Amino acid sequence: MVTTAKTIIISGYYGFRNSGDEAVLKSILTALEEESRQAGITIKPVVLSSDPAWTQKMYGVEAVPRMSLGEVRRAIKNSDGLISGGGSLLQDATSPKSIPYYLAILKLAQWAGKPTFVYAQGMGPVQRKIFYPMIRSVFQRCEYVSVRDEQSAALLSTMKLKRPVVEVVPDPVMGLPLPSGSELHDAATETDENELPVVGISVRYWDKEQRDLTAIADGLKRLAAERRVHLRFLPFHLPDDEQASRMVMDLLGDISGTGSLVSMCDQVTDPQQMLLEVSRCSLMIGMRLHSLIYAASHQVPPLGISYDPKIDHFLSRVGSQPVGTTDALDAQKLANESMRLLDQRSQWIESQGAAIALLKSEARLPAQHIVNYLCRKG
């Protein structure tokens, strides 16, 4: 049995206090710890972070500056391998610099003779085809490649990546547990009849003219007029989502006359604490992908507003589809679908429970493959 510690570098969009990406990191760390414990080995993670001090304090792991070439190279040299992922790292929609950066990190590890692993990544969009051969070349040399949906696997096929297996697995966050000592609040059975159902809301800036946020505010106002609810805003990316939330709250105005409440979760950066917030909701209306994943993983019906195909891809895996897009969102439909899911939450859980349980189990597969590889290599 291998007893020596194995040092693994983890590369991703970490240290930016984006709850979704931090949840990915926490999920990977948790899965690696649990799988390595079962295998009888020790894994020492080293995270490439935008804010190493914050990452070290938050997760109790070693971290190095992600943009410091010297420190990254030293960390890789002293490691036993490198994980790239998860999240939407290899895409050029937000910046043409993302793909070269993440590929360069993988390439540094490969040049150093270290095994590399792609962990449940969401591929694309890749609008610049000049990146195709670069991605293909680097991924071809990886020991293990997994992606989080069939569309990502299809994109790699389009790039003519030739591998025996590209494993399609759920987003790592499907396997994220609630904080230790907390209990899942079952809104379907345990809510006091006098307690308002909590509707979680995750919004972000996307449409430059904020027509999407205006439509969301209108839909929420219509919902509150028909049903007494507690509208709970959950900012996933600080400070931007907090500002977007306040904008929607301002557009809502004073709805106290309806008997409904409005509040906002304040400054939560710990992904498990945000997961706990979502688990206490009866419904989750989300623009952020991971708000919807948080919800589904803990049996809260997700109502997604799509700004990217990754939203559609995830919702399809839990038997849902977007209520609208950032380009076209009907306020009355948002209100109607919200009321329907509030009324039919138990039925949704019953219909999707088996699929969700399978996704949670499969979210551990990349960690299992990586730990098994390290065990084989001694």
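Going residue by residue through the stretch 305-317, is there one that turns out to be open to solvent by 10 Å² or more (accessible area, probe 1.4 Å), out of contact with any helix residue (DSSP H, G or I) (no Cβ under 7 Å at 6 or more places or on another chain) and modelled with pLDDT of 95 or more?
No: the stretch 305-317 contains no residue that is open to solvent by 10 Å² or more (accessible area, probe 1.4 Å), out of contact with any helix residue (DSSP H, G or I) (no Cβ under 7 Å at 6 or more places or on another chain) and modelled with pLDDT of 95 or more.
Pull up the stretch 140-150, narrow it to residues that are out of contact with any Pro (no Cβ under 7 Å at 6 or more places or on another chain) and assigned to a loop (DSSP other than H, G, I, E, B), then point me to the one that is nearest to Leu89 (Cα to Cα).
Asp149
List every residue pair whose Cβ atoms sit under 9 Å apart, with the two residues 6 or more apart in sequence or on different chains, where the first one lies in the stretch 258-272 and is in contact (Cβ under 8 Å) with a residue 60 or more places away in the chain and the second, anywhere, is open to solvent by 30 Å² or more (accessible area, probe 1.4 Å) and small (Gly, Ala, Ser).
The qualifying pairs are Ser260/Ala225; Gln272/Ser180; Gln272/Ser182.
Just to be sure, is Lys162 open to solvent by 50 Å² or more (accessible area, probe 1.4 Å) and either on the phi < 0 side of the Ramachandran plot or among the hydrophobic types (A, V, I, L, M, F, W, C) (or both)?
Values: open to solvent by 50 Å² or more (accessible area, probe 1.4 Å): yes; either on the phi < 0 side of the Ramachandran plot or among the hydrophobic types (A, V, I, L, M, F, W, C) (or both): yes.
Answer is yes for this residue.
Select from the stretch 257-273 the residues that are farther than 17 Å from Leu342 by Cβ and either more than 15 Å from the chain's Cα centre (by Cα) or buried (at least 24 other Cβ atoms within 10 Å of the Cβ) (or both) and list them in ascending order.
As a first pass, look at the stretch 257-273 and keep what is farther than 17 Å from Leu342 by Cβ: 257, 263-273.
Of everything in the stretch 257-273, those that are farther than 17 Å from Leu342 by Cβ and either more than 15 Å from the chain's Cα centre (by Cα) or buried (at least 24 other Cβ atoms within 10 Å of the Cβ) (or both) turn out to be Gly257, Ser263, Met264, Cys265, Asp266, Gln267, Val268, Pro271.
Taking the stretch 151-171, which residues are touching a helix residue (DSSP H, G or I) at 6+ places or on another chain (Cβ under 6 Å), at pLDDT 95 or above and outside any loop (DSSP other than H, G, I, E, B)?
Val168
From the residues in the stretch 341-366 that are of a type in the set (Lys, Arg) and buried (at least 19 other Cβ atoms within 10 Å of the Cβ), which one is nearest to Cys281 (Cα to Cα)? If you could, list the steps in order and put the result at the bottom.
Filtering the stretch 341-366 down to residues of a type in the set (Lys, Arg) leaves 345, 360, 364.
Filter once more, so that each one left must be buried (at least 19 other Cβ atoms within 10 Å of the Cβ): 345, 364.
Values: Arg345: 11, Arg364: 25 Å.
This residue is Arg345.
What about Tyr102, is it of a type in the set (Ser, Thr, Tyr), open to solvent by 20 Å² or more (accessible area, probe 1.4 Å) and out of contact with any Pro (no Cβ under 7 Å at 6 or more places or on another chain)?
Numbers: of a type in the set (Ser, Thr, Tyr): yes; open to solvent by 20 Å² or more (accessible area, probe 1.4 Å): no; out of contact with any Pro (no Cβ under 7 Å at 6 or more places or on another chain): yes.
Criteria not met by Tyr102.
Could you tell me which of the residues Ser27, Ser95 is out of contact with any Lys or Arg (no Cβ under 6 Å at 6 or more places or on another chain), at pLDDT 95 or above and among the hydroxyl-bearing types (Ser, Thr, Tyr)? Write out each step before concluding.
Values: Ser95 fails: at pLDDT 95 or above.
Of the residues listed, the single one that is out of contact with any Lys or Arg (no Cβ under 6 Å at 6 or more places or on another chain), at pLDDT 95 or above and among the hydroxyl-bearing types (Ser, Thr, Tyr) is Ser27.
Look at the stretch 19-40 and say how many of its residues are buried (at least 18 other Cβ atoms within 10 Å of the Cβ) and either in contact with a strand residue (DSSP E or B) (Cβ under 6 Å, 6 or more places away or on another chain) or within 30 Å of Gln267 (Cβ to Cβ) (or both). Lay out the reasoning, then the answer.
Keep residues of the stretch 19-40 that are buried (at least 18 other Cβ atoms within 10 Å of the Cβ), which gives 19-32, 35-36.
If we keep only those that are either in contact with a strand residue (DSSP E or B) (Cβ under 6 Å, 6 or more places away or on another chain) or within 30 Å of Gln267 (Cβ to Cβ) (or both) too, we end up with 19-32, 36.
Adding up the residues that qualify gives 15.
Which of the numbered conditions does Ser338 fail, given that it passes all the others? Conditions: (1) free of Cβ contacts under 8 Å to residues at least 40 places away in the same chain; (2) of a type in the set (Gly, Ala, Ser); (3) crowded, with 19+ Cβ neighbours inside 10 Å.
The single condition Ser338 does not satisfy is (1).
Restrict the check to the stretch 88-95 and report whether at least one residue is open to solvent by 20 Å² or more (accessible area, probe 1.4 Å), among the β-branched types (Val, Ile, Thr), within 25 Å of Met174 (Cα to Cα) and part of a loop (DSSP other than H, G, I, E, B).
The answer is yes; a qualifying residue exists.
Read through the list (1) modelled with pLDDT under 95; (2) open to solvent by 10 Å² or more (accessible area, probe 1.4 Å); (3) of a type in the set (Gly, Ala, Ser); (4) at negative phi, then give the number of the only condition that Ala75 fails.
(1)
Please go through (1) aromatic (Phe, Trp, Tyr); (2) open to solvent by less than 20 Å² (accessible area, probe 1.4 Å); (3) over 26 Å from Ile130 (Cβ atoms) for Trp54 and return the number of the only condition it doesn't satisfy.
It fails just one condition, (2).
Mind counting the residues in the stretch 4-30 that are among the hydroxyl-bearing types (Ser, Thr, Tyr) and within 18 Å of Asn78 (Cα to Cα)?
Just the residues of the stretch 4-30 that are among the hydroxyl-bearing types (Ser, Thr, Tyr), to begin with: 4, 7, 11, 13-14, 19, 27, 30.
Keeping just the survivors that are within 18 Å of Asn78 (Cα to Cα) gives 4, 7, 11.
Number of matching residues: 3.
The values are calculated or read from the model by the stated rules, or taken from the named source; none is laboratory data. Fair warning: this is a prediction, and the values are worked out from it, not measured in the lab. As a convention, Cβ positions derive from the backbone with ideal geometry for all residues, glycine included, and neighbour counts pool all protein chains shown. For the accessible areas, the whole protein counts, side chains as well, though only heavy atoms, and no ligand, DNA or RNA atoms are used. Shrake-Rupley method; radii C 1.70, N 1.55, O 1.52, S 1.80 Å.
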